[in-house]
Amino acid sequence: MAPARVNDLRPLRYVARQPIVDRDEKVFGYELLFRDGLENAFRGDTDEASRATLDRSLLMGLDILCDGRRAFVNCTRDTQVKGLVTLLPSTITVVEILESVPADPDVVAACRSLKEAGYMIALDDYVANDPRVALAEMADIIKVEMQLTTEEQRSVLMKQFGPWRCRMLAEKIETQAEFVRARDQGFVYFQGYFFRRPEMMNTRDLPANGLSHTQLAVIGG
């Protein structure tokens, strides 16, 4: 007789993904977003969210989460400077530096190390007169939010960084008109509800007596 099946009582852990598309609306990659329950939202500490997303990504695997495409992983100063993001493979990981991360010497040095290791760097929510110019000079992708910038400001940013220096991504695209306008301005990547809302995915937690991958990395460091 086969043994009775034991229910897996480990709690479910969630992550959401939102596609980033190119000018032909083909998926280039996915931004991974931490979720703390069935509700497709998160309201909490950004360091906690960044570390949790790293753990979910390691548990589920980026190939599964992102269908073999690029994974945009939100990084705080802590997860970047401590090298936690290097737990993920450089071949498909885009280190997305949040707008709250200052361009201080430690962050700049961490960015250089990540670039040398083969990671792509993306800057989130870049705006006019942004203080992160030192990071922008190393970025592969600069994300510009439609709702936080005017058309004139986006044109200035395009001239400043444009295709010859890095790839520009227009985010928070909510209508066809916004997509066409951003594409006409020269943006090459796009993200927003117009294409798709974040899609929820889940996995079982680690065993109750186990440490997370990021906890082990901190101990090992």
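The values are calculated or read from the model by the stated rules, or taken from the named source; none is laboratory data. A quick note: this is a predicted structure, and the numbers were derived from the prediction, not measured. In this analysis, Cβ positions are derived from the backbone assuming ideal geometry, glycine residues included, and neighbour counts consider all displayed protein chains. Surface areas here come from the heavy atoms of the whole protein model, side chains and all, with no ligands, DNA or RNA. Shrake-Rupley method; radii C 1.70, N 1.55, O 1.52, S 1.80 Å.
Going through segment 110-122 one residue at a time, which ones are crowded, with 21+ Cβ neighbours inside 10 Å and part of a helix (DSSP H, G or I)?
Passing the criteria: Ala110, Cys111, Leu114.
Just checking, does segment 123-131 include any residue being surrounded by 16 or more Cβ atoms within 10 Å (Cβ to Cβ), assigned to a helix (DSSP H, G or I) and in contact with a Lys or Arg (Cβ under 9 Å, 6 or more places away or on another chain)? Steps first, answer last, please.
Keep residues of segment 123-131 that are surrounded by 16 or more Cβ atoms within 10 Å (Cβ to Cβ), which gives 123-126, 130.
Next cut, assigned to a helix (DSSP H, G or I) only: none.
No, there is no match, as no residue in segment 123-131 is surrounded by 16 or more Cβ atoms within 10 Å (Cβ to Cβ), assigned to a helix (DSSP H, G or I) and in contact with a Lys or Arg (Cβ under 9 Å, 6 or more places away or on another chain).
Quick test for you: out of Val107, Val101, Val95, pick the one residue that is in a strand (DSSP E or B) and in contact with a strand residue (DSSP E or B) (Cβ under 9 Å, 6 or more places away or on another chain). If you could, list the steps in order and put the result at the bottom.
Values: Val107 fails: in a strand (DSSP E or B); Val101 fails: in a strand (DSSP E or B).
The match here is Val95.
Got a number for residues in segment 106-140 being free of Cβ contacts under 8 Å to residues at least 12 places away in the same chain and on the phi > 0 side of the Ramachandran plot?
1
When you scan segment 85-101, do you find a residue that is touching a residue at least 60 places away in the same chain (Cβ under 8 Å), open to solvent by 40 Å² or more (accessible area, probe 1.4 Å) and out of contact with any Asp or Glu (no Cβ under 7 Å at 6 or more places or on another chain), even just one?
Yes, segment 85-101 contains a residue that is touching a residue at least 60 places away in the same chain (Cβ under 8 Å), open to solvent by 40 Å² or more (accessible area, probe 1.4 Å) and out of contact with any Asp or Glu (no Cβ under 7 Å at 6 or more places or on another chain).
Please indicate, with yes or no, whether at least one residue in segment 35-53 is open to solvent by 30 Å² or more (accessible area, probe 1.4 Å), within 19 Å of Glu171 (Cα to Cα) and either at pLDDT 90 or above or charged (D, E, K, R) (or both).
no
Those residues that are loosely packed, with under 11 Cβ neighbours inside 10 Å, of a type in the set (Lys, Arg) and at pLDDT 70 or above, I need them from segment 1-34; list them, please.
Result: Lys26, single match.
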